[in-house]
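Data first, discussion second: the structure below is written as structure tokens.
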Amino acid sequence: MLRTGEGRGEQWQLDVAQAVRRLTGLSLWHSRVLATQVPALVLDGMPQQAATAAVLALRDAGAQAETGQRSGDA
């Protein structure tokens, strides 16, 4: 899950959008929309190790990110 970076500037949005783009393959425009309309589920159905790596990449870009299971998952 990706959370907002309220109060941060334009560069933060671009950094996070680029990280989302690298992880998802979305266009930069769609990645930026996803990064600003949060909380948002960025990736789903990934192995734990890959999810942890994705969270680290998002955090390195300045996002507040976390891994977790959706309710109903065992």
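The values are calculated or read from the model by the stated rules, or taken from the named source; none is laboratory data. The structure presented is a predicted model; accordingly, all values stated were derived computationally and were not measured. Please note: Cβ atoms are built from the backbone with ideal geometry, for glycine as well, and neighbour counts cover all protein chains shown.
Looking at segment 1-20, which of the residues that are outside any helix (DSSP H, G or I) and either of a type in the set (Lys, Arg) or at pLDDT 75 or above (or both) is nearest to Ala54 (Cα to Cα)? Outline the logic, then answer.
At the first step, the residues of segment 1-20 found to be outside any helix (DSSP H, G or I) are 1-9.
Okay, now just the ones that are also either of a type in the set (Lys, Arg) or at pLDDT 75 or above (or both), so 3, 8.
Values: Arg3: 14, Arg8: 21 Å.
Ranking the candidates gives Arg3 first.
Out of everything in segment 24-42 that is surrounded by 18 or more Cβ atoms within 10 Å (Cβ to Cβ) and out of contact with any strand residue (DSSP E or B) (no Cβ under 6 Å at 6 or more places or on another chain), what residue ends up being modelled with the lowest pLDDT?
The initial filter retains those residues of segment 24-42 that are surrounded by 18 or more Cβ atoms within 10 Å (Cβ to Cβ), namely 31-32, 34-35, 38, 42.
Then drop every residue that is not out of contact with any strand residue (DSSP E or B) (no Cβ under 6 Å at 6 or more places or on another chain), which leaves 31-32, 35.
Working: Ser31: 92, Arg32: 90, Ala35: 84.
The residue in question is Ala35.
Name the one entry in Leu23, Leu43 that is part of a loop (DSSP other than H, G, I, E, B) and under 11 Å from the mean Cα position of the chain (by Cα). Walk me through how you get there before you give the answer.
Values: Leu23 fails: part of a loop (DSSP other than H, G, I, E, B).
Just one listed residue meets the conditions, Leu43.
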